[in-house]
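Below you'll find the structure, written out as structure tokens, and then a few comments.
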Amino acid sequence: MTTPPRRPHAVDVASTRTALVVLGALLLLAAAPAWAVMPNCTVAALSALDVPHMTITSATDVPASGSNPEYCDVVGSVMTTGGGAQPGSARFEAKLPAAWTNGFLFFGTGGLAGVLSPSANPVDVGASLHQGYATVVTDTGHVGQGLTPGDGLGQVTDARWALKAPGVPDTPKVTDYYFRAAHAVTESTKHLVEAFYGGKLNRSYFDGCSNGGRMAFVQATRYPNDYDGIIAGAPFLDIRVIIGGTKNYKQLLTPTTFIPFFKLPAVDAAVYASCDAADGVSDGLIQNPAACAFNPDSLVPAVLSPGQADSLKTYFGATRDTRGGLVYNGASVTDLNSFGGMDLWTVGIFVPAPFDFNANEPWGDAGFFPAPISWEFVDHIMKYIVQRDPTFNIRDFDVSTAGIVGDAALALFDSRTEAGDGDVPADLLQFIKKGKKMLIYHGFSDPALTPFRTITYYRDLAELVGGFDTLQDSVRLFMVPGMQHCGGGPGPNTFDTLTPLDHWVRGGQAPNGIIASHPSGRTMPLCTFPAMAHYNGTPPVTDAANWSCTSNQDLLTVGPNGVEAGL
């Protein structure tokens, strides 16, 4: 007897559909960012914290996504007062992580500010939320215009905000940019962070590069109680750099003296041939450009004309007053090419030469693209902050191509800019006496802010406190060979400064060396100035393990190029 086949069970279509929907939702949840769970991340809740002088304009609960943790993105403004100016207002952006570790980290802003974008060590910026820091950045009290919406570079090179009308400075905005805004926003956002979390800060740090480095020094010198530790990269120590830039352009802006960017690779090759082996190893990295002895005349006539060689001498040379006193150091001789050196900053890579050498704006477009970045700063700071005249021609400023600035011109410049400087070594003594810590770094191939200015400052500070050993208890400088402005360049240029500072402040572990890397795979220890890293002879030369930070003062060695630069 055969058994009849069994009938299949009836399918519950509705239940199956429900199961599939649930399964699909679970799969979507697994793939999507974690849902935001910070109920107090609203304008109403944050405003109810009643932080003095603060207005909250937006609050967004940003969910965790990929490797990024969840945080509350807060945008608002802080009223600024004091400093000899009428009240102003500075915008800020705070990122408050869901998993806070009681740390506060304020990032500096680049150039002439006017944006809510950090100018700080990118490694530190990327790690900050993961490490549980509440982070803050400010536009320093104004909004840069740029040429088009979203033109970030144009915004931070724009100084039109500094004038209400020709001859009439916007004193609140200038005061905020120089020093007032960062301090006011620091005080208010510290209150915001503590009220938001219902807990106390156990550490507060400032981290800035370029103008962010200037802000770091201004914080340390004017407001030594604001931060436990400070990171200052490639610091815009004093605005006098603009006088040096004016000297450079007065020499460069003629048809016979201008150096087009495509001539710079040959200059770099000659510098390396002259100087690479001076540090004991020919490895495509010059560890101490100040010790070099490169003469631009050696490239005449094969590469440069006599006028172009003179332009390089002007660029490498210091700016001095009429009595021979140092006003600003000259540039480093290394890595002028590579789309981040003298090519991008001083002569430009977008066009081979200015459109009109004799024009007030040789590259057109009111000093913005395609003008070199240094020109944009020199032009706008001279016009809108120093001379207070939008029609001023920098060729009329009294500094010679030999680097001598007239007494009256220097006095006027200082009277209108020195409130924004952080360059007086004695002013840092209160910060040091309070036991605070500062970590400074600077690329040896920086074309925007010469590394020799930072070295000059650090040497003067060491002399003031009794020597490098004493100074290193509180302030340490790390020079980065082959790095350009705040990054870039052929040398190892990626490194962590936030972790060493934190270990120093909280654990008393001073950083003796910091390992840096390059996308090519090369690694290198950065030594505490004035020590220079030494190669032990074991290949490969590109591995940091084969270098050491021995006790030496080799970075104090100064050759002809260092002398020319004012060392």
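Being touching a helix residue (DSSP H, G or I) at 6+ places or on another chain (Cβ under 6 Å) and small (Gly, Ala, Ser) is the filter here; which residues of segment 371-416 pass it?
Once the filter is applied, which keeps residues that are touching a helix residue (DSSP H, G or I) at 6+ places or on another chain (Cβ under 6 Å) and small (Gly, Ala, Ser), segment 371-416 yields Ser374, Gly403.
Would it be correct to say that Ser210 is surrounded by 22 or more Cβ atoms within 10 Å (Cβ to Cβ), in contact (Cβ under 8 Å) with a residue 24 or more places away in the chain and among the hydroxyl-bearing types (Ser, Thr, Tyr)? Give the steps one after another, and end with the answer.
Values: surrounded by 22 or more Cβ atoms within 10 Å (Cβ to Cβ): yes; in contact (Cβ under 8 Å) with a residue 24 or more places away in the chain: yes; among the hydroxyl-bearing types (Ser, Thr, Tyr): yes.
The answer is yes for Ser210.
Being of a type in the set (S, T, N, Q) and either within 23 Å of Thr450 (Cβ to Cβ) or crowded, with 17+ Cβ neighbours inside 10 Å (or both) is the filter here, so list the residues in segment 387-436 that pass it.
Looking only at segment 387-436, we keep the residues that are of a type in the set (S, T, N, Q), and these are 387, 391, 393, 400-401, 415, 417, 430.
Within segment 387-436, Gln387, Ser400, Thr401, Thr417 meet the criteria.
For Tyr178, only one of the following conditions fails: (1) surrounded by fewer than 24 Cβ atoms within 10 Å (Cβ to Cβ); (2) more than 19 Å from Lys434 (Cβ to Cβ). What is its number?
(1)
Please enumerate the residues belonging to segment 255-264 that are crowded, with 17+ Cβ neighbours inside 10 Å and of a type in the set (Phe, Trp, Tyr). Working first, answer last.
Filtering segment 255-264 for residues crowded, with 17+ Cβ neighbours inside 10 Å gives 257-259, 261, 263-264.
Hits for segment 255-264 are Phe258, Phe261.
Need a quick list: helices (runs of 4 or more DSSP H) entirely within segment 152-215 having at least 1 residues that are modelled with pLDDT of 95 or more and farther than 25 Å from Phe431 by Cα.
Numbers: elements: 152-156, 171-175, 181-197.
Correct list: 171-175, 181-197.
Kindly check whether there is at least one residue in segment 295-309 that is part of a loop (DSSP other than H, G, I, E, B), of a type outside the set (A, V, I, L, M), more than 20 Å from Phe452 (Cβ to Cβ) and without any contact (Cβ under 8 Å) to a residue 24 or more places away in the chain.
yes
Among the listed residues Met79, Met38, identify the single one that is surrounded by fewer than 20 Cβ atoms within 10 Å (Cβ to Cβ) and touching a Ser or Thr at 6+ places or on another chain (Cβ under 7 Å).
On the way: Met38 fails: touching a Ser or Thr at 6+ places or on another chain (Cβ under 7 Å).
Within the list Met79, Met38, the selection yields Met79.
Working only within segment 194-239, note down all residues that are more than 26 Å from Val327 (Cα to Cα) and acidic (Asp, Glu).
Glu194, Asp207, Asp226, Asp228
Residues in segment 72-88: is at least one within 22 Å of Thr57 (Cβ to Cβ), modelled with pLDDT of 95 or more and assigned to a loop (DSSP other than H, G, I, E, B)?
No, segment 72-88 contains no residue that is within 22 Å of Thr57 (Cβ to Cβ), modelled with pLDDT of 95 or more and assigned to a loop (DSSP other than H, G, I, E, B).
Which of the residues belonging to segment 198-215 are hydrophobic (A, V, I, L, M, F, W, C) and more than 12 Å from Thr186 (Cβ to Cβ)? Talk me through it step by step, then tell me what you get.
To start, the set of residues in segment 198-215 that are hydrophobic (A, V, I, L, M, F, W, C) comprises 201, 206, 209, 215.
Residue satisfying the conditions is Cys209 alone.
Residue-by-condition table, conditions (1) among the aliphatic types (A, V, I, L, M); (2) out of contact with any Cys (no Cβ under 9 Å at 6 or more places or on another chain); (3) more than 28 Å from Lys383 (Cβ to Cβ):
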{"residue": "Ala419", "(1), (2), (3)": "yes, yes, no"}
{"residue": "Asp423", "(1), (2), (3)": "no, yes, no"}
{"residue": "Phe431", "(1), (2), (3)": "no, yes, yes"}
{"residue": "Tyr457", "(1), (2), (3)": "no, yes, no"}
{"residue": "Ala462", "(1), (2), (3)": "yes, yes, yes"}
{"residue": "Asp473", "(1), (2), (3)": "no, yes, yes"}
{"residue": "Gly491", "(1), (2), (3)": "no, yes, yes"}
{"residue": "Gly507", "(1), (2), (3)": "no, yes, yes"}
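Condition (residue is over 20 Å from the mean Cα position of the chain (by Cα), in a helix (DSSP H, G or I) and either modelled with pLDDT under 95 or outside the structural domain of Thr257 (by TED's automatic domain parsing) (or both)) applied to segment 343-354: is it met by at least one residue?
No, segment 343-354 contains no residue that is over 20 Å from the mean Cα position of the chain (by Cα), in a helix (DSSP H, G or I) and either modelled with pLDDT under 95 or outside the structural domain of Thr257 (by TED's automatic domain parsing) (or both).
Being touching a helix residue (DSSP H, G or I) at 6+ places or on another chain (Cβ under 8 Å) and over 18 Å from Ile242 (Cα atoms) is the filter here; which residues of segment 308-337 pass it? Quick ask: steps written out before the conclusion?
Within segment 308-337, the first condition is being touching a helix residue (DSSP H, G or I) at 6+ places or on another chain (Cβ under 8 Å), and the residues that meet it are 308-319, 321-322, 326-337.
Gln308, Ala309, Asp310, Val333, Thr334, Asp335, Leu336, Asn337, listed by residue number.
For segment 327-342, enumerate the residues that are closer than 14 Å to Ala266 by Cβ, under 18 Å from the mean Cα position of the chain (by Cα) and part of a loop (DSSP other than H, G, I, E, B). Reasoning before the result, please.
First pass over segment 327-342, keeping only residues closer than 14 Å to Ala266 by Cβ: 333, 335-338, 341-342.
Among the residues that remain, those that are also under 18 Å from the mean Cα position of the chain (by Cα) are: 341-342.
Scanning segment 327-342 gives a single hit, Gly341.
Could you check segment 440-485 and list, in sequence order, the residues that are among the polar types (S, T, N, Q) and out of contact with any Asp or Glu (no Cβ under 8 Å at 6 or more places or on another chain)? Quick ask: steps written out before the conclusion?
In the first step, residues of segment 440-485 are kept if they are among the polar types (S, T, N, Q); the result is 445, 450, 454, 456, 470, 472, 474, 484.
Of everything in segment 440-485, those that are among the polar types (S, T, N, Q) and out of contact with any Asp or Glu (no Cβ under 8 Å at 6 or more places or on another chain) turn out to be Thr450, Thr454, Thr456, Thr470, Gln472, Ser474.
For the subset of segment 265-282 comprising residues that are charged (D, E, K, R) and either modelled with pLDDT of 95 or more or in contact with an Asp or Glu (Cβ under 7 Å, 6 or more places away or on another chain) (or both), which member is surrounded by the most Cβ atoms within 10 Å (Cβ to Cβ)? Give the steps one after another, and end with the answer.
First, the residues of segment 265-282 that are charged (D, E, K, R): 268, 276, 279.
With the extra rule that they be either modelled with pLDDT of 95 or more or in contact with an Asp or Glu (Cβ under 7 Å, 6 or more places away or on another chain) (or both), the set shrinks to 268, 276.
Details: Asp268: 20, Asp276: 17.
Selected residue: Asp268.
Those residues that are within 27 Å of the chain's Cα centre (by Cα) and assigned to a helix (DSSP H, G or I), I need them from segment 253-264; list them, please. Quick ask: steps written out before the conclusion?
First, the residues of segment 253-264 that are within 27 Å of the chain's Cα centre (by Cα): 259-262, 264.
Passing the criteria: Phe261, Phe262, Leu264.
Residue under question is Lys250, and the condition is that it be in contact with a Lys or Arg (Cβ under 7 Å, 6 or more places away or on another chain), outside any loop (DSSP other than H, G, I, E, B) and not β-branched (Val, Ile, Thr); does it hold? Spell out how you get there, then give the answer.
On the way: in contact with a Lys or Arg (Cβ under 7 Å, 6 or more places away or on another chain): yes; outside any loop (DSSP other than H, G, I, E, B): yes; not β-branched (Val, Ile, Thr): yes.
When the stated conditions are applied, Lys250 passes them.
Here is a list: Gly508, Gly513. Which entry is within 30 Å of Phe104 (Cα to Cα) and over 25 Å from the mean Cα position of the chain (by Cα)? Even if it seems obvious, please write down each step before you answer.
On the way: Gly513 fails: over 25 Å from the mean Cα position of the chain (by Cα).
Gly508 is the lone residue from the list that is within 30 Å of Phe104 (Cα to Cα) and over 25 Å from the mean Cα position of the chain (by Cα).
Conditions: (1) under 24 Å from the mean Cα position of the chain (by Cα); (2) under 24 Å from His183 (Cβ atoms); (3) outside any strand (DSSP E or B). Trp100 meets all but one. Number of the miss?
(1)
Within segment 216-247, which residues are in a loop (DSSP other than H, G, I, E, B) and not hydroxyl-bearing (Ser, Thr, Tyr)?
Start the filter on segment 216-247 by keeping residues that are in a loop (DSSP other than H, G, I, E, B), which leaves 223-228, 234-240.
Those that are in a loop (DSSP other than H, G, I, E, B) and not hydroxyl-bearing (Ser, Thr, Tyr): Pro224, Asn225, Asp226, Asp228, Ala234, Pro235, Phe236, Leu237, Asp238, Ile239, Arg240.
The values are calculated or read from the model by the stated rules, or taken from the named source; none is laboratory data. Only a predicted model underlies this, so the values are computations on that prediction, with no experimental measurement involved. FYI the Cβ positions are ideal-geometry reconstructions off the backbone, even for glycines, and counts take in every protein chain you see.
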